[in-house]
Structures are given as structure tokens and as C-alpha cells.
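One structure coming up, written as C-alpha cells, with questions to follow.
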Amino acid sequence: MLNLVLFGPPGAGKGTQSALLIDKYNLVHLSTGDIFRYNMKEGTELGKLAKSYIEKGALVPDEVTIGMLEAEVNSNTEAKGFVFDGFPRTNAQAEALDAFLSSKGTSISAMLALEVAEQELVTRLLERGKSSGRADDQNPEIIKNRIQVYENETAILKDYYAAQNKFVGVKGIGSIESITNSLCKVIDALV
Ligand code: AMP
């Protein structure tokens, strides 16, 4: 299986690039943010719980997020591999993902980290907020909080994957196509 963690701060382009990569490599896209938003739209219990965190720009608790992610993987029995987008975001999530994949006889192939400067992230998120309808993309305070949470809790995961020789940094600025090409170069070397 080809299992990729597409990593980076909010606004780095993970969703855009994931959509392109899953087509090219025939993988399943698992975005925890998308799954939470779907549940919020449907008004499920999970959606109600997630909303209270998402609207502050905070992380949804690990046990909830990990359980949800594992259920999604389990329901995709035919998948040739996954692009994990927005997961893992904490050390506990990364460890849980490794243990879970290992129990299924597979593992993460690589973490591809999109690198974008903070000011550019804020500009991109506010721009996206105009059309996405996402409340967390429209409020500069929430955006600031999300970036802060990324710096404090999530960025350290680069070290986690580097320790396994699985971390690859990719420049996340330029045209969408040029960034996709950079990602594909890395992936082609893996398959
Ligand atoms: P995203 O679409 O990846 O930007 O995620 C939107 C929001 O969903 C985040 O700001 C978090 O509140 C929540 N979220 C998404 N993925 C996770 C995760 N792996 N762990 C905790 N919260 C998450």
C-alpha cells in the first residue's frame, strides 16, 4: 500500500494537492477536517462535538479524532492506499496511526510536508474564506489560533517522521501544478 501523510499548516494547500494526488495514484483521500465538516452539516453528535472546537480553531480531542479516522480506514476495504490530510496533528495521533496501520500489516510510506510562510497562509485562508463558507477561514483571530496550534502541537511531527526517515519537505509556493510535480517526484521515487 502507498500511505502518504500530506502535512503542513492550515492554508498550505493540503486539500488541493490531495485531490490531485489521489487521482494520479488511485488512492483514497481521508481529510479529518472534511469529515468533521460533513458531520457538522448533517448535524450528527460527532458534528456537534467537533463544532465546539473547530469554531475556536482548537483541535478536536485525540480519542474522538483517532476513532473516527480508524473507522474511515476500515470502511475503505478496497483501498490501494490513503492520503491522510490533516491527520495526524498530535504525537498521540501519529503513534495511534502507526499502531493501527501496523495491526493491518501496512505503514506510512512518507510524510510530505508543504512549506509555506505564515503571512502567505493568512492571506490564502482569508481569500478561501470568501468562497468556502468556512467560518474558521473568515476570522483573523481563529486563523491565528489555528496557526498557533499548528506551531505548538503539530509541527513537531516532522521530527516524529524524520526519526523514521519518512519526512520530506516540499516547497508549497508557486503554481498548483509545479507543487504537484514536486510531490510526484518524491512519490515516484517511493513506488
Ligand atoms: P482542516 O480542514 O484540516 O483545516 O481542519 C479544520 C479543523 O478541524 C481544525 O482546525 C480542527 O479543529 C479540526 N481537525 C481536523 N483534523 C484534526 C485532527 N487530526 N485532530 C484534531 N482536530 C482536527
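Got a number for residues in the range 73-97 being within 12 Å of the ligand (Cβ to nearest atom) and either of a type in the set (D, E, K, R) or buried (at least 17 other Cβ atoms within 10 Å of the Cβ) (or both)?
Here the count works out to 11.
Within the group 60, 28, 83, which residue is more than 21 Å from residue 176 (Cα to Cα), of a type in the set (A, V, I, L, M) and touching a helix residue (DSSP H, G or I) at 6+ places or on another chain (Cβ under 7 Å)?
On inspection, the qualifying residue turns out to be 60.
Tell me whether the range 58-71 contains one or more residues that are over 14 Å from residue 36 (Cα atoms), out of contact with any Leu (no Cβ under 6 Å at 6 or more places or on another chain), more than 7 Å from the ligand (Cβ to nearest atom) and in a loop (DSSP other than H, G, I, E, B).
No - not one qualifying residue is present in the range 58-71.
Among the residues in the range 33-49, are any hydrophobic (A, V, I, L, M, F, W, C) and more than 12 Å from the ligand (Cβ to nearest atom)?
No.
Please list, ordered by residue number, the helices (runs of 4 or more DSSP H) wholly in the range 84-191 having 3 or more residues that are among the polar types (S, T, N, Q).
91-103, 118-132, 176-190
Right, here's the next one. Would you mention how many residues in the range 69-109 are within 17 Å of the chain's Cα centre (by Cα) and at positive phi?
Within the range 69-109, residues that are within 17 Å of the chain's Cα centre (by Cα) and at positive phi number 2.
Since every read-out is calculated from the coordinates, none of them should be taken as a lab result. The structure displayed is predicted, hence computed values, not measured ones. So basically every Cβ, Gly included, is an ideal-geometry build from the backbone, and we count neighbours across all protein chains shown.
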